[in-house]
Amino acid sequence: MSHLLAARLQMALSLGFHIVFASIGMAMPFLMLTAYRRFLKTKNPEYRELTRTWSKGVAIFFAVGAVSGTALSFELGLLWPGFMKYAGPIVGLPFALEGAAFFLEAIAIGIFLYGWERVPPRVHWLSGLVVGLSGLASAFFVISANGWMNAPAGFDWNGGNPINVDPLKAMMNEAFLLQAVHMSVAAFQAVGFAVAGMHAWLYLKRGYSLHFKAVKIALVWGALASLIQPVIGDLSAKAVAQRQPEKFAAMEAHFETQSHAGLLIGGIPDEEKAEVRFGLHLPGLLSFLAHGDFSSVVKGLEEFPRDDWPPVLVTHLAFQLMVGFGMLLLLVGTVGVFQLWRKKTLSVGLLKTLVLCIPFGFIAMEAGWVVTEVGRQPWVIYRLLRTAEAVTPRPAVWVTLFGYGALYLFLCVVLVFVMQRQVESLHKRLAKTGGAS
Amino acid sequence: MVFSLLLFLALSLLLYALFGGADFGAGILEMWRMGKMGKQEHALVQRAMAPVWEANHIWLIVAVVIVFMAFPSVYATVCTFLFIPLMCVLLGIVARGCAFVLRYYDATAGHSKLYSGIFAVSSTFCTFFLGVLAGAMTFGRLDPLATDFEAAYLAPWLNGHCALTGVFACSLFSFLAALYLSGEAEVKALQEDFQKRAAYASIGMVLAGAAVFATQRGLIAKFIHTPLALSCFFLATLLMGQLWYAFSFLEATQSVRFWTRAAGAGVVAMVMLGWYSVVFPAALVFREGVLTYYDAAAPAPVLKALLIALVVGLLVIIPALLYLFRIFKWEVLE
């Protein structure tokens, strides 16, 4: 067990770390392009400065993300050779396409970063768009592979040996589209609020109007994403209830099969006794959310063999965290956009709230991935291959776990340091040009 | 179909060597001159690398994807039994990535010695273990049935031969980088300096290469009986002769600088092609038995899908890449 646990922790750590870069790579270019468009329209040099600063941020995160992504492409084999041996041929296609998209993104970033004086503005703007679109495409491809683990398709499982493999069908699996959209929107939500919060903090501290412009752009993107997200989240939950009823039951800590099932808010599930302590039940709502009908029957965990249960406590708590923070951001985003619309400005209270909200989008996103991944356990390929069967036979997984842990910690320190230096140099430039409001 | 995929794999590895390799080489060259490297040299390396840095390294990811989709058992075996050198490569990649980012984006520090030090050391470390991995795959010490740690996880790569392939990779990449940089340098003293280093590196290549052959039984016989490998060797020797002639007797005009760079790339291409042709079709050589790419290939529909994806991907990427190089690299030559 400890061997498997170490491998799972290492994978969780790597993915949890990488996902932050992936989402910044997806969403940040669009924020940057918004600022760039404002510059091309208004010719206000502050927007140009903002675009440049953000583009450097994109490049830094892209560079570190490329590095951690390369490590990840090997880690799949280093930890799960049993999985890759079966799954490699079946889900390799989206990975190959992801490679292409990533490549295009790298080229476009090169052009955008160093091409300010070398290519015409329109081509330059377009290269920025290519950065964003290929970042989104990468996400879609990678999530297709993850979707396949939840909804395996495109092959026949001939007693442990996949035959009749159809990579395209595997790529277009049932879970793919909703998962991909859910994650992309989450990226905009997380990045939008994190960026808005950071600039709000800098604005409160230093008062440069550039930061306020940044808050506005980022907040609008984040708020828009927060508005769409509940709809997609609801569709996703319905799909999970259909496709992976155990996962859905674990998300809700729903042990007994019931009609008029109640939605659980909070609560600490106890797997041994199959009961929940301290929870609040909203009658009938779970049936409605799962199947669109208050009287419908929702399968409980009791329907499934005990060996096939996902860890209920972790899945349930992660789900609560995700929904809770998502709703909070929706509220803050709505108030913010309303203020911008009616008063053309943001209150100091809201700016301070935004600072507080910096990590929330990312917490919600990470929690969402915990729901997806832990909720699929004990399977690595749903109902076909157990995670325990896929783990590497090699020794010393604990050692590499600590190695990778130290590495990621180091990368975080590096990033924080570099970003701080970027902000310092931005403020120096602003002080020179008198950018104070 | 297996063969066409192998061509793609060979191509992406070659491009990784030609572009990514030059990058590694730049780091190794810095290692030679720890602390003595002038500001000018730093600026040159930085200017030459920055815009194309990300793109250069993605060829490795392309190669990895081809291996794990088309030849899954090769990927699984390498990841399991060669995990130590593989981890070392990864550690190197991460460390140099960070050092590069810090050096370039730590907007207020200039060229800190620490970042350059990390960059130089990790470039060398990483290249060495890339060479070790390449050597270990076909050296014939892999043993999936071994029960003890030493035989399963150390013996396949911890030996003189693999160390020599590592050294060979280091000298090959630094040779390439020195040639590229001498072509890109604008000051004459700097040009000559890099030419000198290219010459040293080529001596290293010849020595390490000879030792690689000497330490694997049957390699020379295989080499002599592979016409393609022999022609590669012949062409590489010819190109080296030309380079030597150009450096000794010709003025460094624009066109000479272009051709020396092309000839350097040609040498590396010949080395890679010669290597493929000698090991082909073996993917992995075990203590007992050989796994060929044909044995390891995934089912036909998978190979077909991958091939289509690669062609489509390249159709998008090649024009974009050419555009990138046109903006940032070729104008130096015009």
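The values are calculated or read from the model by the stated rules, or taken from the named source; none is laboratory data. On a predicted model such as this, the values are computed, not experimentally measured, just so you know. Ideal geometry is used to build each Cβ from the backbone, glycine not excepted, and the neighbour counts take in all protein chains shown.
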- Of all residues in segment B:66-76, count the ones that are at the interface with another protein chain (Cβ under 8 Å from one of its Cβ atoms) and in contact (Cβ under 8 Å) with a residue 24 or more places away in the chain. 5
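Of A:Leu133, A:Leu168, which residue is surrounded by fewer than 20 Cβ atoms within 10 Å (Cβ to Cβ) and closer than 19 Å to B:Leu307 by Cβ? Give the steps one after another, and end with the answer.
Numbers: A:Leu133 fails: closer than 19 Å to B:Leu307 by Cβ.
A:Leu168 is the lone residue from the list that is surrounded by fewer than 20 Cβ atoms within 10 Å (Cβ to Cβ) and closer than 19 Å to B:Leu307 by Cβ.
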- Message: Yes or no: segment A:29-39 includes at least one residue that is more than 19 Å from the chain's Cα centre (by Cα), within 14 Å of chain B (Cβ to nearest Cβ) and either surrounded by fewer than 21 Cβ atoms within 10 Å (Cβ to Cβ) or under 30 Å from A:Arg394 (Cβ atoms) (or both).
- Response: no
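Residue by residue, here is whether (1) assigned to a helix (DSSP H, G or I); (2) of a type outside the set (S, T, N, Q) holds:
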| site | (1), (2) |
| --- | --- |
| A:Val380 | no, yes |
| A:Pro395 | no, yes |
| A:Val399 | yes, yes |
| A:Gly403 | yes, yes |
| A:Ala406 | yes, yes |
| A:Leu411 | yes, yes |
| A:Gln422 | yes, no |
| A:Leu430 | yes, yes |
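Determine, yes or no, whether A:Gly77 is within 12 Å of another protein chain (Cβ to nearest Cβ), crowded, with 24+ Cβ neighbours inside 10 Å and in a helix (DSSP H, G or I). Explain how you work it out, then say what you get.
On the way: within 12 Å of another protein chain (Cβ to nearest Cβ): yes; crowded, with 24+ Cβ neighbours inside 10 Å: yes; in a helix (DSSP H, G or I): yes.
Yes: the conditions hold for A:Gly77.
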- Message: Checking B:Leu310 against (1) within 14 Å of chain A (Cβ to nearest Cβ); (2) over 30 Å from A:Asp166 (Cα atoms): exactly one of these is not met. Which one?
- Response: (2)
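Looking for whichever is surrounded by 14 or more Cβ atoms within 10 Å (Cβ to Cβ) and in a helix (DSSP H, G or I) here; the options are A:Leu321, A:Leu346. Which one fits? Full working, then the answer.
Working: A:Leu346 fails: in a helix (DSSP H, G or I).
None of the others qualify; the one that does is A:Leu321.
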- Message: For A:Met84, only one of the following conditions fails: (1) farther than 22 Å from A:Leu384 by Cα; (2) within 7 Å of another protein chain (Cβ to nearest Cβ); (3) among the hydrophobic types (A, V, I, L, M, F, W, C). What is its number?
- Response: (1)
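Being within 23 Å of the chain's Cα centre (by Cα) and over 27 Å from A:Val418 (Cα atoms) is the requirement here; does A:Val58 meet it?
No, not satisfied.
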- Message: Between A:Ala71, A:Ala66, A:Ala101, A:Ala22, which is away from chain B (no Cβ under 11 Å), in contact (Cβ under 8 Å) with a residue 40 or more places away in the chain and not charged (D, E, K, R)?
- Response: A:Ala22
- Task: Mind counting the residues in segment A:80-121 that are surrounded by 24 or more Cβ atoms within 10 Å (Cβ to Cβ) and in contact with a His (Cβ under 7 Å, 6 or more places away or on another chain)?
- Result: 1
- Query: Which residues, taken from segment A:160-179, are in contact (Cβ under 8 Å) with a residue 24 or more places away in the chain, in a helix (DSSP H, G or I) and either on the phi > 0 side of the Ramachandran plot or within 11 Å of another protein chain (Cβ to nearest Cβ) (or both)?
  - Reply: A:Pro167, A:Leu168, A:Ala170, A:Met171
- Confirm whether A:Glu117 is of a type outside the set (Gly, Ala, Ser), closer than 17 Å to A:Ile143 by Cα and out of contact with any Gly (no Cβ under 9 Å at 6 or more places or on another chain). no
- Task: Look at A:Val371 and say whether it is in a strand (DSSP E or B) and either of a type in the set (Val, Ile, Thr) or closer than 30 Å to A:Phe83 by Cβ (or both).
- Result: no
- Note on the structure: Given the conditions (1) surrounded by fewer than 18 Cβ atoms within 10 Å (Cβ to Cβ); (2) of a type in the set (Phe, Trp, Tyr); (3) free of Cβ contacts under 8 Å to residues at least 60 places away in the same chain, every one holds for A:Trp157 apart from (3)
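Is it true that B:Ala120 is surrounded by fewer than 24 Cβ atoms within 10 Å (Cβ to Cβ) and in contact (Cβ under 8 Å) with a residue 24 or more places away in the chain? Quick ask: steps written out before the conclusion?
On the way: surrounded by fewer than 24 Cβ atoms within 10 Å (Cβ to Cβ): yes; in contact (Cβ under 8 Å) with a residue 24 or more places away in the chain: yes.
Taking the combined requirement at face value, the residue satisfies it.
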- Could you tell me which numbered condition B:Ala107 fails, if it satisfies all but one of (1) part of a helix (DSSP H, G or I); (2) at pLDDT below 75; (3) in contact with a helix residue (DSSP H, G or I) (Cβ under 9 Å, 6 or more places away or on another chain)? (1)
- One residue from A:Val195, A:Val231, A:Val191, A:Val220 being in a helix (DSSP H, G or I), out of contact with any strand residue (DSSP E or B) (no Cβ under 9 Å at 6 or more places or on another chain) and free of Cβ contacts under 8 Å to residues at least 12 places away in the same chain: A:Val231
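Quick check: anything in segment B:324-333 away from chain A (no Cβ under 14 Å) and either surrounded by fewer than 19 Cβ atoms within 10 Å (Cβ to Cβ) or under 30 Å from B:Thr237 (Cα atoms) (or both)?
Kept after step one, since they are away from chain A (no Cβ under 14 Å), are these residues of segment B:324-333: B:333.
From what's left, either surrounded by fewer than 19 Cβ atoms within 10 Å (Cβ to Cβ) or under 30 Å from B:Thr237 (Cα atoms) (or both): B:333.
Looking for residues that are away from chain A (no Cβ under 14 Å) and either surrounded by fewer than 19 Cβ atoms within 10 Å (Cβ to Cβ) or under 30 Å from B:Thr237 (Cα atoms) (or both), one finds at least one in segment B:324-333, hence yes.
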- Item | Where A:Leu356 falls short, out of the listed (1) at positive phi; (2) hydrophobic (A, V, I, L, M, F, W, C); (3) modelled with pLDDT of 90 or more | (1)
- Note on the structure: The one condition A:Arg118 fails out of (1) within 12 Å of another protein chain (Cβ to nearest Cβ); (2) assigned to a loop (DSSP other than H, G, I, E, B); (3) touching a residue at least 40 places away in the same chain (Cβ under 8 Å) is (3)
- Within segment B:48-73, track down each residue that is at pLDDT 65 or above and over 19 Å from the mean Cα position of the chain (by Cα). B:Phe68, B:Met69, B:Ala70, B:Phe71, B:Pro72, B:Ser73
- State whether one or more residues within segment A:238-261 are acidic (Asp, Glu), touching a His at 6+ places or on another chain (Cβ under 8 Å) and within 30 Å of A:Thr353 (Cα to Cα). yes
